[in-house]
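First up is the structure itself, then whatever we jot down about it.
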Amino acid sequence: VTAHMSKNSSYDASIVEAAKYEKKVMVLDFVMPTPQGSSWGLGGTCVNVGCIPKKLMHQAALLGQALQDSRKFGWQFTEEVKHNWMTMTESVQNYIGSLNWGYRVALRDKKVTYENAYGEFVGPHTIKATNKKGVEKLYTAETFIIATDREYCISSEIFTELYCQTVKALVL
């Protein structure tokens, strides 16, 4: 069970609604490491290895071009401008790390339990969470909410009904 932490997401809405009713909320967020061993933190693919780093690198390229173009508009500087790839990638990773940390703080502030663990249903009201060390924990609840993105959010009750009807479903 993975959650996206983005503005106006079903994930955030679920947490806010649950908090209103003083319900216990837990987020399971786990990324299966790539063959090279890469994994990433809270925030999903977009934040960690997708949209956000791509946009930051694009912005770095635009800044370089803007510096060159600025001379045409009267800007004068004598120092040769050079790009340092290591500095840029470190800055991008630091920014992503700050987002991950912000998400963890937001979860804590909303009294949400965070587990970096892979979740799978083992019963209609039970999820088994397995962390990267292979330690398993069982969690039970009357209802689970699967929140994968802004538009898609279904409860475990509906999922079980779909599963019983042998409809294919992808749980991210």
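The values are calculated or read from the model by the stated rules, or taken from the named source; none is laboratory data. Computed from a predicted model, the values in this text were never measured in an experiment. So basically every Cβ, Gly included, is an ideal-geometry build from the backbone, and we count neighbours across all protein chains shown. Please note that ligands, DNA and RNA were not included when accessible areas were found on the heavy atoms of the full protein model with its side chains. Shrake-Rupley method; radii C 1.70, N 1.55, O 1.52, S 1.80 Å.
In table form, for the structure just shown:
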item	result
Residues of segment 17-29 classified as touching a strand residue (DSSP E or B) at 6+ places or on another chain (Cβ under 6 Å) and open to solvent by 40 Å² or more (accessible area, probe 1.4 Å), total	1
Subset of segment 125-150 (residues that are surrounded by 12 or more Cβ atoms within 10 Å (Cβ to Cβ) and in contact with a helix residue (DSSP H, G or I) (Cβ under 9 Å, 6 or more places away or on another chain))	HIS125, ILE127, ALA141, PHE144, ILE145, ILE146, ALA147, THR148, ASP149, ARG150
Conditions (1) at pLDDT 80 or above; (2) closer than 30 Å to THR130 by Cα; (3) of a type in the set (Ser, Thr, Tyr); number of the one not met by SER38	(1)
Pairs, first within 13 Å of MET32 (Cα to Cα) in segment 121-137, second modelled with pLDDT of 90 or more, C-beta under 6 Å, six or more apart	THR130/GLU136
Long-range neighbours under 8 Å by Cβ, at least six apart or interchain, first residue touching a residue at least 12 places away in the same chain (Cβ under 8 Å) within segment 79-91, second in a helix (DSSP H, G or I) and open to solvent by less than 80 Å² (accessible area, probe 1.4 Å)	VAL81/GLY64; VAL81/LEU67; HIS83/ALA60; HIS83/GLY64; MET88/MET57; MET88/ALA60; SER91/LEU56
Candidate set: segment 34-56, residues that are in a loop (DSSP other than H, G, I, E, B) and among the polar types (S, T, N, Q); chosen: the one surrounded by the most Cβ atoms within 10 Å (Cβ to Cβ)	SER39
Qualifying residue in segment 88-101 (condition: of a type in the set (D, E, K, R) and closer than 28 Å to PRO33 by Cα)	yes
Residue in segment 57-88 that is most open to solvent (accessible area, probe 1.4 Å), counting only those that are at pLDDT 90 or above and of a type in the set (Ser, Thr, Tyr)	THR87
Neighbours by Cβ (under 6 Å, 6+ apart or cross-chain): first from segment 16-31, farther than 26 Å from VAL135 by Cβ and of a type in the set (Gly, Ala, Ser); second surrounded by 11 or more Cβ atoms within 10 Å (Cβ to Cβ) and at pLDDT 80 or above	ALA19/LYS110
Number of the exception - GLU157 against (1) surrounded by 11 or more Cβ atoms within 10 Å (Cβ to Cβ); (2) of a type outside the set (Lys, Arg); (3) at pLDDT 85 or above	(3)
Tally of residues being open to solvent by 100 Å² or more (accessible area, probe 1.4 Å) and not charged (D, E, K, R) across segment 95-105	2
